1. Give me the number: length gained by fully extending Arg311 to Ser396, i.e. 0.36 nm times residue separation minus the C-alpha to C-alpha distance, one decimal in nm.
2. Whole angstrom only: what separates the Cα centroid of region 399-453 from the Cα centroid of region 113-157?
3. Quick one: Karplus J couplings for region 266-276, per residue in order, coefficients 6.51, -1.76, 1.60, θ = phi - 60°, nearest Hz, x for Gly and Pro?
4. What FRET efficiency do you get for Glu448 and Lys49 if R0 is 35 Å and r is their Cβ-Cβ distance, rounded to the nearest 0.05?
5. Can you tell me the FRET efficiency between Lys118 and Glu417 if r is taken as the Cβ-Cβ distance and R0 is 51 Å, rounded to the nearest 0.05?
6. Just need the relative contact order of the chain here, percent rounded to a whole number, with Cα pairs under 8 Å and 6+ apart.
7. Can you give me the pair-distance distribution of the chain, C-alpha pairs, 20 Å bins, whole percents?
8. For the chain, what proportion of DSSP beta bridges, expressed in % and rounded to the nearest 5, is antiparallel?
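Just so it is clear, none of the values below were taken in a lab; they were calculated from the coordinates. Since we're looking at a predicted model, the values are computed, not measured. Note that we place each Cβ from the backbone using ideal geometry, even for glycine, and neighbour counts take in every protein chain shown.
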Amino acid sequence: MRVVIVASELYPYAKTGGLGDFTHCLLKGLRELGVDAYACLPLYGWIDKGDLIYVGKVEVKLSRLWEYDVYRNDRVYFFDNPELFHRDYVYGPPWGGYWDNHLRFGSFCWAVCEAIQKEFLKTDVVHTNDWHTALIPLILKYIYRTDHKHVFTIHNIAYQGVFGKHVMDELKLPWELFHMDGIEFWGNVCFLKAGIAFCDVLTTVSPTHAEEIKDPRYGFGLDGFIRKHSHKLVGIVNGVDYKTWNPETDPSLWYNYTRKDLRGKAYNKRMLCKEFGLDEKLPLISYISRYAYQKGVELLLEGFERIVKLRANYFFLGSGEYGPFIKDAEDHLPNVRVVTTFNEDLSRKLYGSSDFILMPSLYEPCGITQLIGMRYGCIPIVRKTGGLSDTVKDISADGYGIVFENFEVPDLVCAVERAIDLYHARQRFLKLVKKVMSLDFSCRNMSEKYLELYTSTK
Ligand code: ADP
C-alpha cells in the first residue's frame with residue numbers, strides 16, 4: 001500500500017507548531033510499519049535543494065500559469081515555485097498571514113493533484129492536513145474522479161482558510177459547490193469545508209476533541225458541518241518521535257539522562273538557571289507554546305501578578321501576536337524569563353531542565369508540548385480540555401499531572417500552588433517524573449491507528 005501525506009509543515013524542513021511534528025512522526029511511524037509512505041511539502045526557500053533529485057515539472061493553469069519543479073529525496077516530494085514559496089515564513093510574519101495564502105496553498109493543492117495524475121506520485125491513500133491541503137480531496141474526487149482513499153485530519157479547526165468568493169474563479173473551483181453543504185461559508189469560500197466534505201475518513205487529533213468540535217463552543221462556526229459529517233469522524237491522539245525527542249541522546253542538552261539516572265536533568269537545570277540568572281533551588285515551570293489566544297495567554301496575563309508571586313521560576317518561550325504583552329509583564333522580575341522567538345535549541349534545553357510544563361489552554365486539539373515535556377521528565381500542568389484531558393491524568397486520581405478545570409485565574413493559581421507543593425514532596429515528585437518518562441505516546445502507537453483507517457474499507 002502507498003500513502004502520501006500532504007501538509008504545509010514537516011519537521012525538520014518546516015515547523016511552526018505541532019503540525020510539523022505530527023507529519024514527521026506519522027511518516028516515520030508508517031515507514032517503520034513497512035508502509036510505502038511519502039510526504040509532499042512546498043519547497044520553502046530555506047530548504048536546501050543540493051541533495052534532492054529532480055523529478056520533473058508540473059503545470060497548474062489557474063488565472064495564470066504556475067509551474068512547479070518537483071524534487072524528491074527518499075521520503076519527501078518537494079514542490080518548488082520560488083515566487084510563491086521562497087519567502088521568510090511558512091504562513092507570514094507573526095503580525096499577519098501573507099495576502100496571497102489562498103493562491104500559495106490553493107495552487108500547491110493543484111500541483112500535488114497534477115503530480116498524482118501524471119503519476120510522478122503513485123498512491124492509494126492521500127492523507128491531507130488542515131486547510132492548506134484541504135482542496136486536494138475535492139480536486140481528486142470531485143473534479144478528476146479518481147478512486148484514492150482520502151483521510152483528512154483537522155489539527156486546528158480555528159484556522160479554516162476562509163477567503164472572498166473571488167478565489168472560486170482564481171483557483172478554478174466548481175461554482176456548483178458554492179453552497180452551504182459545499183465549500184461556501186457565509187458568502188465566502190472555506191477551504192477546510194472541502195476537506196471535511198470530500199474525505200472518506202475525517203480525523204482530529206484526540207478523541208475528546210473529536211467530540212468537542214461538534215459543539216458550538218469549539219466548532220468555530222463549523223460544528224454544524226462537522227455534525228453532518230460525524231459518521232466519518234475519528235479522534236486519534238498524536239504521537240512524538242521518541243528518537244528525535246530523546247533526553248538520552250539530545251545534543252542540545254548540556255547533560256543527557258535517563259529515567260533511571262536523573263542526575264543529568266538536575267545538572268541541566270543548574271546550567272540553565274546559571275545562564276538565565278535564576279535561583280536553581282526553586283521549581284522551574286516552563287511554557288513552550290505559541291503566544292496565542294488558544295494557548296491561554298490571556299488567562300496568564302490576567303493572573304500574571306498572582307502567579308509570579310508564588311515561589312517558583314517561570315520561563316516563557318513562545319512566538320506570536322501576544323509576545324510583546326508577555327514581555328511587558330515580565331518587567332525585570334527576578335524569577336521570570338520571557339523569550340519571544342522560535343528557538344528549538346532553547347526549547348530542548350527547557351524540556352531537559354524544567355520540573356513542570358504549563359499549558360493553560362483555552363482549547364487544545366491534542367497538544368504536543370506536554371507529550372514532549374513528559375518524555376523529558378517534566379510534570380504537566382494543564383487545563384482539562386481536548387487532548388490535554390486525554391493525555392494527562394490528575395495526581396488526585398492516581399495520575400501523573402496537575403489538571404485544572406475552569407479557565408479562570410483562581411483555578412490556574414491553585415494548579416501552580418499544587419505543583420509547587422508536589423515539587424517539595426521530593427520522593428513523590430521524583431516517582432512521578434519517572435512515571436511520565438515511561439508513558440508511551442510514540443509514533444508507532446499513533447501510526448498503527450492511522451494504518452487501520454487506511455486499510456479499512458470505505
Ligand atoms: P500547536 O498548537 O502550536 O501546534 P503543539 O503543542 O501541538 O501546539 O505543538 C507545539 C510544538 O512547537 C512543540 O514541538 C513545541 O516544542 C514547539 N514550539 C512552540 N513554540 C516554540 C518556540 N517558541 N520555540 C521552539 N519550539 C516551539
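1. 28.4 nm
2. Using only Cα atoms to place each centre, the spacing works out to 36 Å.
3. Each residue's phi maps through the Karplus curve to give 5, 5, 4, 4, 4, 5, 5, 4, 5, 4, 9 Hz.
4. That pair, Glu448 with Lys49, gives E of 0.55.
5. E(calc), rounded to 0.05, equals 0.25.
6. Over the chain, the number comes to 13 percent.
7. 25, 55, 19, 0
8. Looking only at bridges with both residues in the chain, the antiparallel portion is about 25 percent.
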